[in-house]
Amino acid sequence: MKLLRRLLKLSLLMSHVLIGLLLSWLLFSPRWSLSTGWSSAIVRGWSRQLCHIVGLQIRCYGDVATTPTLFVANHISWLDIFALLATFPVIFVSKQEVAKWPILGRLARQVGTLFIQRGQFQAATATANEMIQALSNHRSVLFFPEGTSTEGMSVKRFHARLFQAAIQTGVPVQPIALRYPQGNSLNQIIPYVGDDIFIQHVWRVLGEEIFTVELWFGSPIPTYHRERRELAHYARQQILTLLQQ
């Protein structure tokens, strides 16, 4: 039964991803110049359908900022990205390795994801400048300040450098706590951590019938007269508090 479920979901997922590649090539080409509203709606609709195919149900708590905002979240799985994209319009900052993922990496590049090479100061500075440009153009941006994924039971130290983009543009920082519950505990299949191989992890996820992600939206943090380490600390503390609920 689980094998049949996996094969059915895999065929639907591959078809959906190929449709996404075609749409991104046709509609996100410079010659089309889609408005921000249209492009965001297309990405959101496509992401919702992907979540539906894999069996991911999204539950949201709290209010999402509607003005340009720097969103930060704890990171558990590649599914985080699509759950968030399905919920509100945002530009992602992702690790450079994602750009090399089969098919999904190409799709991420096509829709405007910003990539950062971890551990390189100049690369972080260049990414921060791209974030500043996006925020200045009234787009919201999201990144995972832990710099890696976890099993969801803890939140690692937040790297503060990219918080500078919010300070320079004056936009607030809104923390988001992500959680994949299963009964009274956490789902152990969903975390994509350590030496996990992407294709193998996708295969395991497709064996799940229905599972849930909770998105807890914290209070926006004003950036006026704040330092980036201070912002990182307050954002992490909010996420820890939300997860403890």
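Listed values, structure above:
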| quantity | calculated |
| --- | --- |
| Members of the range 169-191 that are exposed (fewer than 14 other Cβ atoms within 10 Å of the Cβ) and outside any loop (DSSP other than H, G, I, E, B) | Gln182, Ser185 |
| Residue in the range 13-36 that is assigned to a loop (DSSP other than H, G, I, E, B), over 30 Å from Ile132 (Cβ atoms) and either touching a strand residue (DSSP E or B) at 6+ places or on another chain (Cβ under 9 Å) or at pLDDT 90 or above (or both) present | no |
| Search result, residues across the range 57-83 that are small (Gly, Ala, Ser) and either touching a Leu at 6+ places or on another chain (Cβ under 9 Å) or within 19 Å of Ser154 (Cα to Cα) (or both) | Gly62, Ala73, Ser77, Ala83 |
| The range 204-237, residues that are part of a loop (DSSP other than H, G, I, E, B) and closer than 21 Å to Trp78 by Cα | Gly207, Glu208, Glu209, Ile210 |
| Hey, Ser185 farther than 12 Å from Ile76 by Cβ and more than 19 Å from the chain's Cα centre (by Cα) or not | yes |
| Pairs with Cβ under 8 Å, 6+ apart, first in the range 157-168 and in contact (Cβ under 8 Å) with a residue 24 or more places away in the chain, second of a type in the set (Ser, Thr, Tyr) and not in a loop (DSSP other than H, G, I, E, B) | Leu162/Thr127 |
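Each row is one residue, and each column tells you yes or no for (1) at pLDDT 95 or above; (2) assigned to a loop (DSSP other than H, G, I, E, B); (3) acidic (Asp, Glu).
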{"site": "Thr150", "(1), (2), (3)": "no, yes, no"}
{"site": "Ser154", "(1), (2), (3)": "no, yes, no"}
{"site": "Ile167", "(1), (2), (3)": "yes, no, no"}
{"site": "Val202", "(1), (2), (3)": "no, no, no"}
{"site": "Ile239", "(1), (2), (3)": "yes, no, no"}
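Okay, residues lined up against (1) surrounded by fewer than 19 Cβ atoms within 10 Å (Cβ to Cβ); (2) free of Cβ contacts under 8 Å to residues at least 24 places away in the same chain:
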position: Val193; (1), (2): yes, no
position: Arg204; (1), (2): yes, yes
position: Thr212; (1), (2): yes, no
position: Leu215; (1), (2): no, no
position: Ile221; (1), (2): no, no
position: Arg226; (1), (2): yes, no
position: Leu231; (1), (2): no, no
position: Ile239; (1), (2): no, no
position: Leu242; (1), (2): no, no
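The values are calculated or read from the model by the stated rules, or taken from the named source; none is laboratory data. Keep in mind that what you see is a predicted model, and the values were worked out from it rather than measured. Reconstructed Cβ throughout: ideal geometry from the backbone, glycine too, with neighbour counts over all protein chains shown.
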